[in-house]
Amino acid sequence: MQEAIILVGGKGTRLRPLTNHTPKPLLGVAGSSFIRHQIAKLMDAGVEHVVFATSYLAGLFEDEFKDFSQNLEISYAVEEVPLGTGGAIRNAARLLRGGSADAPVLVLNGDILSGLDLREVLERHRARDADVTLHLTRVADPRAFGLVPTDGSGRVLSFLEKPKTAEECVTDQINAGCYVFRRSVLDAIPADREVSVEQETFPQLVAEGSRVFGHTTDDYWRDLGTPLAFVHGSADLVTGRATSPLVAQPAEALIHPTATVDPTARVTGGSTVGPRAVIGPRVVVDRSIVAADVTVDEGALIHDSVVDHDSAIGSGTVLRETVVGCHAHIGADNELPPQLRLSCGIRIPAQGVRVSGSAVACPSVH
């Protein structure tokens with residue numbers, strides 16, 4: 001039985017307010033929760049049992065999959081106290097069903113969108129008789145990441161902290177958040193304290209001479225941890241730049257059958273429009289996510305943004321790189337500065353916020 005663990009315990013603080021009420025892996029991406037895209041990919045790779053390593057709002061994962069009827073067993077390992085990445089993996093490993101100490105176990109971070117061929121990485125792991133295989137990806141600027149140099153055979157040489165100078169950038173390879181563990185290695189991770197696989201488990205294995213290999217690819221890869229990355233990842237799935245078994249074919253937009261889009265509106269760039277949303281005349285929605293029951297009035301522009309469920313965007317309002325929480329009301333003719341995050345339930349009156357000036361007369365008497 002091929003098994004997998006998905007790490008989904010984080011609070012997703014960089015995506016607030018979207019994650020105030022929903023764990024990051026359960027947020028909607030290209031028409032489905034992100035975790036369902038991962039599950040579909042794991043099933044395509046022959047995985048028969050998945051353990052969710054949960055913590056934050058853990059019960060919502062069971063709610064998401066309570067009616068799941070496909071040929072996959074799902075278990076839930078709840079982290080009651082912070083255990084770090086290694087501790088979370090070890091906590092989830094107790095629910096694995098495979099009995100062999102040499103059995104390979106896939107481990108995925110719950111916020112990484114990747115084009116990696118999971119069957120291929122499993123085959124490479126077995127062929128190398130590896131203790132751990134890490135998916136590595138190359139990045140143009142590695143200074144924001146820890147580095148993972150390898151030798152000519154792909155064996156990991158070390159795990160380096162984020163480089164501070166160009167001279168310290170000895171490789172452009174970084175940890176891409178997908179691993180294959182030999183089951184016995186998982187079982188050896190301490191279960192009684194907080195453990196980081198990146199800072200403790202992996203470096204210790206390399207120092208001990210264990211067979212730790214990198215599987216370096218140039219496949220699509222994106223960490224969905226920030227609002228802009230989140231909307232771009234969703235758009236990439238819709239347009240086909242990234243792939244998922246749940247997205248039938250590339251498209252310019254993914255519009256729910258119950259949504260209403262005025263014929264003069266333009267929904268482009270891989271945008272998604274959720275159930276019962278209403279997009280008014282001459283609205284432009286570009287590379288954005290408009291969730292369920294949102295109304296967008298005439299002439300509004302939404303670009304690189306997320307509008308959470310049950311919100312309203314007034315006529316002529318401009319959103320760029322903006323996150324709008326649920327149940328919000330943004331009045332007409334607002335022009336919000338980029339990278340703004342609006343709390344759930346906020347109300348902004350007409351022309352309440354503008355980056356540029358307005359020609360409307362002052363209501364006060366001078």
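The values are calculated or read from the model by the stated rules, or taken from the named source; none is laboratory data. What you see is a predicted model, and the numbers here were worked out from it, not measured in a lab. Using ideal geometry, Cβ is built from the backbone for each residue, glycine included, and neighbour counts are taken over all protein chains shown.
Mind listing whichever residues of the range 193-216 are hydrophobic (A, V, I, L, M, F, W, C) and out of contact with any helix residue (DSSP H, G or I) (no Cβ under 8 Å at 6 or more places or on another chain)?
So in the range 193-216, the residues hydrophobic (A, V, I, L, M, F, W, C) come out as 195, 197, 202, 205-207, 212-213.
Answer for the range 193-216, where residues must be hydrophobic (A, V, I, L, M, F, W, C) and out of contact with any helix residue (DSSP H, G or I) (no Cβ under 8 Å at 6 or more places or on another chain): Phe202, Val206, Ala207.
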Determine, yes or no, whether Leu122 is over 26 Å from Asp44 (Cβ atoms) and modelled with pLDDT of 85 or more.
no
Exactly one of these conditions fails for Gln204: (1) assigned to a strand (DSSP E or B); (2) more than 30 Å from Val307 (Cα to Cα). Give me its number.
(1)
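Please find, among Ala77, Ala53, the residue that is assigned to a strand (DSSP E or B), within 28 Å of Glu194 (Cβ to Cβ), assigned by TED's automatic domain parsing to the domain that holds Thr133 and under 18 Å from the mean Cα position of the chain (by Cα). Write out each step before concluding.
On the way: Ala77 fails: under 18 Å from the mean Cα position of the chain (by Cα).
None of the others qualify; the one that does is Ala53.
Is it the case that Thr243 is surrounded by fewer than 23 Cβ atoms within 10 Å (Cβ to Cβ) and within 19 Å of the chain's Cα centre (by Cα)? First the steps, then the outcome.
Working: surrounded by fewer than 23 Cβ atoms within 10 Å (Cβ to Cβ): yes; within 19 Å of the chain's Cα centre (by Cα): yes.
It is true that Thr243 is surrounded by fewer than 23 Cβ atoms within 10 Å (Cβ to Cβ) and within 19 Å of the chain's Cα centre (by Cα).
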Complete set of residues in the range 120-143 that are buried (at least 20 other Cβ atoms within 10 Å of the Cβ) and either assigned to a strand (DSSP E or B) or of a type in the set (S, T, N, Q) (or both):
Val132, Thr133, Leu134, His135, Leu136, Thr137
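Tell me, please, whether a residue that is in contact (Cβ under 8 Å) with a residue 60 or more places away in the chain and among the aromatic types (Phe, Trp, Tyr) can be found in the range 168-187.
Initial filter on the range 168-187 (in contact (Cβ under 8 Å) with a residue 60 or more places away in the chain): 176-184, 186-187.
Subsequent filtering for residues that are among the aromatic types (Phe, Trp, Tyr) retains 179, 181.
Among the residues of the range 168-187, at least one is in contact (Cβ under 8 Å) with a residue 60 or more places away in the chain and among the aromatic types (Phe, Trp, Tyr), which makes the answer yes.
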Pairs under 6 Å by beta carbon, first residue under 15 Å from Pro25 (Cα atoms) and in contact (Cβ under 8 Å) with a residue 24 or more places away in the chain in the range 225-244, partner assigned to a helix (DSSP H, G or I) and among the charged types (D, E, K, R), six or more apart or different chains?
Gly225/Arg14; Thr226/Arg14
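Filter the range 184-193 for residues that are surrounded by 18 or more Cβ atoms within 10 Å (Cβ to Cβ) and part of a helix (DSSP H, G or I) and give the result. Don't jump to the end; show me each part of the working.
To start, the set of residues in the range 184-193 that are surrounded by 18 or more Cβ atoms within 10 Å (Cβ to Cβ) comprises 185-186, 189.
Passing the criteria: Val185, Leu186.
Please verify whether Ala229 is under 19 Å from the mean Cα position of the chain (by Cα), in a helix (DSSP H, G or I), modelled with pLDDT under 95 and more than 30 Å from Ala101 (Cα to Cα), treating the condition exactly as stated. Before the answer, list the steps.
Numbers: under 19 Å from the mean Cα position of the chain (by Cα): yes; in a helix (DSSP H, G or I): yes; modelled with pLDDT under 95: yes; more than 30 Å from Ala101 (Cα to Cα): yes.
Criteria met by Ala229.
Scan the range 232-249 residue by residue and report those that are part of a loop (DSSP other than H, G, I, E, B) and of a type in the set (D, E, K, R).
Step one: list which residues in the range 232-249 are part of a loop (DSSP other than H, G, I, E, B), which gives 240-249.
If the condition is that a residue be part of a loop (DSSP other than H, G, I, E, B) and of a type in the set (D, E, K, R), then Arg241 is the only one that fits.
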Scan the range 2-11 and tell me whether some residue there is over 26 Å from Ala259 (Cβ atoms), surrounded by fewer than 20 Cβ atoms within 10 Å (Cβ to Cβ) and at pLDDT 90 or above.
yes
Only one of (1) in contact (Cβ under 8 Å) with a residue 24 or more places away in the chain; (2) touching a His at 6+ places or on another chain (Cβ under 6 Å); (3) more than 18 Å from Ser234 (Cα to Cα) is not met by Asp293, so which one is it?
(1)
Any residue at all in the range 105-119 that is surrounded by fewer than 17 Cβ atoms within 10 Å (Cβ to Cβ) and more than 22 Å from the chain's Cα centre (by Cα)?
no
